[in-house]
1. Report the chymotrypsin sites (Phe, Trp or Tyr not before Pro) located in the range 248-279 that are in a DSSP loop and have at most 16 other Cβ atoms inside 10 Å of their Cβ, or state none.
2. In what sequence, highest mean first, do 310-319, 332-341, 143-152 appear when ranked by Cβ atoms within 10 angstrom?
3. How large is the Rg to Rh ratio of the range 444-540 when both quantities use alpha carbon positions and Rh follows Kirkwood?
4. Of Y323, Y299, which has the most accessible area with a 1.4 Å probe, and how do the rest follow in descending order?
5. Let me see the pair-distance distribution of the range 22-144: every alpha carbon pair, 10 Å bin width, integer percents in order.
6. Once the other residues with Cβ under 15 Å from the Cβ of N327 are scored (Lys, Arg +1; Asp, Glu -1), what is the net sum?
7. What shape does the range 221-273 take by its C-alpha gyration tensor, where a ≥ b ≥ c are the square roots of the eigenvalues and a/c under 1.5 counts as rounded, a/b above b/c as prolate, and the rest as oblate?
8. On average, how much accessible surface per residue is there in the range 343-436, in Å², for a 1.4 Å probe, leaving out ligands, DNA and RNA?
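The values are calculated or read from the model by the stated rules, or taken from the named source; none is laboratory data. None of these values were measured; they are calculated from a predicted model. FYI the Cβ positions are ideal-geometry reconstructions off the backbone, even for glycines, and counts take in every protein chain you see. Quick note on the areas: whole protein, heavy atoms, side chains included, nothing else; ligands and nucleic acids left out. Shrake-Rupley method; radii C 1.70, N 1.55, O 1.52, S 1.80 Å.
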Amino acid sequence: MLLNSVMGVSVLGATGKFERLFLRYQRLIINISFILLAIIFAWPIMGNPNVVAAGDDSLFHLSRIYSLAQSLGSGQFLPGYDFMAFHSVGTAMNLFYPYVTTALPIVLLKYVLGHWASAIGLYYIGITCVTLVVTYRCTLALTTNRLAAFIFSVCYNFSIYRIDVAYPRFDLGELVVFLALPLALIGFELMLQKHDYDKWTWLVFGFSLMLYAHLLSALLVALLLGLRLAFGWRQVTKDLGVNLCKAFIWSILIGSYQLITLLEQCVAQPLHSIYTGGLLTILKDPAELLSNSINNSIYVYTIGLLGAVGLGLIVTNFDKLTYNGVNYGIWACFGIGAFILTSKLFPWRYLVHTPAAIIQYPYRLSLFATFFLIMVGSVVLAQLIGNYSPTKIVPMLSLLLLILVLFARSNADVLHKTKLVLGPRAATTFQLQHYKDGGTDDYLPQRAKHQLPKLWARRFYINDHATTFKIKADPRAFTTTVKTAKPDTLVDLPILYYVGAKISTATGKPPVTPLISNRGTVAITLPKAEVHRLQVTYQPTIKRQISAAVALISLGSFCLQGHFPAFKKFLT
């Protein structure tokens, strides 16, 4: 007994010394741990860069990255056409899908590092590290509890749905949304419950990030905040309304480049929208969904084990949903509601032909279920640990160990899926150009919806007669030679028409705006019967150029007004 007592005192003494050392250097230790965790999260790419080519959306995003690199390399700083990607038929993915926070950083990193694999790996490290820090700081401001902030930051960033977004799906847009979500949701909650109206700047940063990363998520978050406002109407004040208006105006100004780029195309001609037929797919019964969550597999999109633990902590500790002056009950309800929405329990069949179908797949709402369940669960867990543990070091180290074990399993699953999808190519050197011709029909001109195979086959129409010519594609233009036998011949090229398309008929002649053919492609009437050298290029419209200037000036003005130093202080 005496030996046991001495050993117990020694262990407690050592723990106490470590606790004091940690408290002295806790900011440095936490930041270093975040850097190490970010490197660990990107480890699958370091081990085998081909993992990024095995995701559900890999061909789409890799093609966009390749296209953007070619455009910027040729001096096109407001890119439009995908000249060298997507089978070189004039798609415009970087017009419709934001690239500023997704493809652009990777392209810039490639210019510095010289290798695509290194660029993507460093991008993953950077985005994960920043998300860890921002999540921690946001949560600390709301809870005033460092343990709760640390638990949520680590669990949120290593949640199975974020791993799914990063690897099995390779959805760069939603990966950035994981960074923006704490800024928007926690910033709004601080304004609503703590009347900290200075946090309107967090909403600006959060929504600006989403507008330049994933427009659908920005819409969903706006609807979610509207719902939160409706439930908290008793807490609404005049100051809250004024600051929300400020956040809205600044977000629109900063995001104007992406919004105008999209809107001018949608107004110009009917476009085939994104796929909306997936509402009834990949749905599971709640019990099966919960079982798959506990299993924590990357092959099923769920809240994962960490989300399930958060759910368990919530339903068994209703008395701990109010902490340090903040009521987390509504967030708990939102988390449970979002979980239900991802299952068969919700009657999605009645919404198939409604605007709600724009979310494409209900599993997308796992993002919100993950955020709310893990966030509220972290607050509850921090209270339980504070009641029963004399030190916070052991719980934090235990959490890190659990995260590493779970991620090791996920890493193995990611590598396994890579081998299944890519086969022998999984063992080869990663080459981005191998994946430049992804197929997509998103935002095609409505008349071109069923024309892609003919466009890929280079099918021309000369006065409505089908024929084939060669087209040369380079990073700045499509070039072809056409021979006409009659004057005033209508030539329909296998190149999609979008606002900003220009065509020239001879070297030195200024390009003109082409006609739109019946199949939604570029067309031109050639007045003479001769051999014509046609060149199709893209020129950003005046509206788009102005919107880019407005966005840059707005961002600069926002920072110079003193909001950026305040945000910098928040990060440090």
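1. Y275
2. Peptide ranking by packing, descending: 143-152, 332-341, 310-319.
3. With Rh from the inverse mean 1/r over Cα pairs, Rg/Rh is 0.93.
4. Values: Y323 45, Y299 110 Å².
The ranking, largest first, comes out as Y299, Y323.
5. Computed distribution, short to long bins: 12, 35, 28, 17, 7, 1, 0.
6. Once all neighbours under 15 Å are counted, the net charge is +2.
7. Oblate.
8. 50 Å²
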